[in-house]
1. Against the conditions (1) touching a residue at least 24 places away in the same chain (Cβ under 8 Å); (2) more than 16 Å from the chain's Cα centre (by Cα), where does Gln65 fall short? Just the number, please.
2. For the structure I just gave you, tell me whether Asp92 is in a loop (DSSP other than H, G, I, E, B), acidic (Asp, Glu), in contact (Cβ under 8 Å) with a residue 40 or more places away in the chain and surrounded by fewer than 16 Cβ atoms within 10 Å (Cβ to Cβ).
3. So which residues in region 81-104 are in contact with a His (Cβ under 9 Å, 6 or more places away or on another chain), of a type outside the set (Val, Ile, Thr) and farther than 14 Å from Lys41 by Cβ?
4. Surrounded by fewer than 16 Cβ atoms within 10 Å (Cβ to Cβ) and in contact with a strand residue (DSSP E or B) (Cβ under 8 Å, 6 or more places away or on another chain): is that true of Trp35 in this structure?
5. Evaluate the following for Glu47: is it acidic (Asp, Glu), at pLDDT 95 or above, touching a Phe, Trp or Tyr at 6+ places or on another chain (Cβ under 6 Å) and within 24 Å of Ile18 (Cβ to Cβ)?
6. Would you confirm whether or not region 101-112 contains a residue that is out of contact with any Ser or Thr (no Cβ under 9 Å at 6 or more places or on another chain), part of a strand (DSSP E or B) and farther than 18 Å from Phe21 by Cα?
7. Taking the condition of being polar (S, T, N, Q) and touching a residue at least 40 places away in the same chain (Cβ under 8 Å), how many residues in region 1-46 meet it?
8. Could you grab the pairs with beta carbons closer than 6 Å, sequence gap of 6+ or different chains, first residue in region 104-128 and closer than 13 Å to Gly30 by Cα and modelled with pLDDT of 95 or more, second one part of a strand (DSSP E or B) and among the hydroxyl-bearing types (Ser, Thr, Tyr)?
Amino acid sequence: MDKKKELEELHRNMIKEIQDFAIILLDKDGTILSWNMGAEKIKGYKEHEILDQNFNIFYLPQDRQDRLPDKLLQLASKEGRAKHIGRRVRKDGTTFWGSILITALHNEKQEVIGFTKLTRELRGNETE
């Protein structure tokens, strides 16, 4: 295997195997394209269950009604990133406090082509 392929595999495995952070790749509309072990651990979904779903599934009904997920994508598109702390929903319907960071991904023309979404479950008195 050449060095470039080794580095690509190492990079994929680095992201996939992180367990303390959910690392999710989204398309421009918020559809989930990839998922790591941390996302499975925190959110409760296996990768095959969640791919092609919209990430708004992790938000409370009131947040979806208020279009918070869409507003966060719009902010990330405009500012490069969006941060938020709030209640999130797991597969089993339970909720948790999560700190999220959505980062816009760009092509060579600087057009937004997708997003990364990092989520960390907050416990105790954590606020950052």
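1. Gln65 satisfies every listed condition except (1).
2. Values: in a loop (DSSP other than H, G, I, E, B): yes; acidic (Asp, Glu): yes; in contact (Cβ under 8 Å) with a residue 40 or more places away in the chain: yes; surrounded by fewer than 16 Cβ atoms within 10 Å (Cβ to Cβ): yes.
Considered against the rule, which asks whether it is in a loop (DSSP other than H, G, I, E, B), acidic (Asp, Glu), in contact (Cβ under 8 Å) with a residue 40 or more places away in the chain and surrounded by fewer than 16 Cβ atoms within 10 Å (Cβ to Cβ), Asp92 comes out as yes.
3. Within region 81-104, the subset in contact with a His (Cβ under 9 Å, 6 or more places away or on another chain) is 98-102.
Filter again for of a type outside the set (Val, Ile, Thr), leaving 98-99, 101.
Within region 81-104, Ser99, Leu101 meet the criteria.
4. No; evaluated as a whole, the condition is false for this residue.
5. Values: acidic (Asp, Glu): yes; at pLDDT 95 or above: no; touching a Phe, Trp or Tyr at 6+ places or on another chain (Cβ under 6 Å): yes; within 24 Å of Ile18 (Cβ to Cβ): yes.
No.
6. Yes: region 101-112 contains one or more residues that are out of contact with any Ser or Thr (no Cβ under 9 Å at 6 or more places or on another chain), part of a strand (DSSP E or B) and farther than 18 Å from Phe21 by Cα.
7. 0
8. Between residues of region 104-128 that are closer than 13 Å to Gly30 by Cα and modelled with pLDDT of 95 or more and residues that are part of a strand (DSSP E or B) and among the hydroxyl-bearing types (Ser, Thr, Tyr), the close pairs are Thr116/Thr103.
The values are calculated or read from the model by the stated rules, or taken from the named source; none is laboratory data. Nothing here was measured: the structure is a model prediction, and the numbers come from that model. Here Cβ is always computed from backbone atoms with ideal geometry, including for glycine, and neighbour counts include all displayed protein chains.
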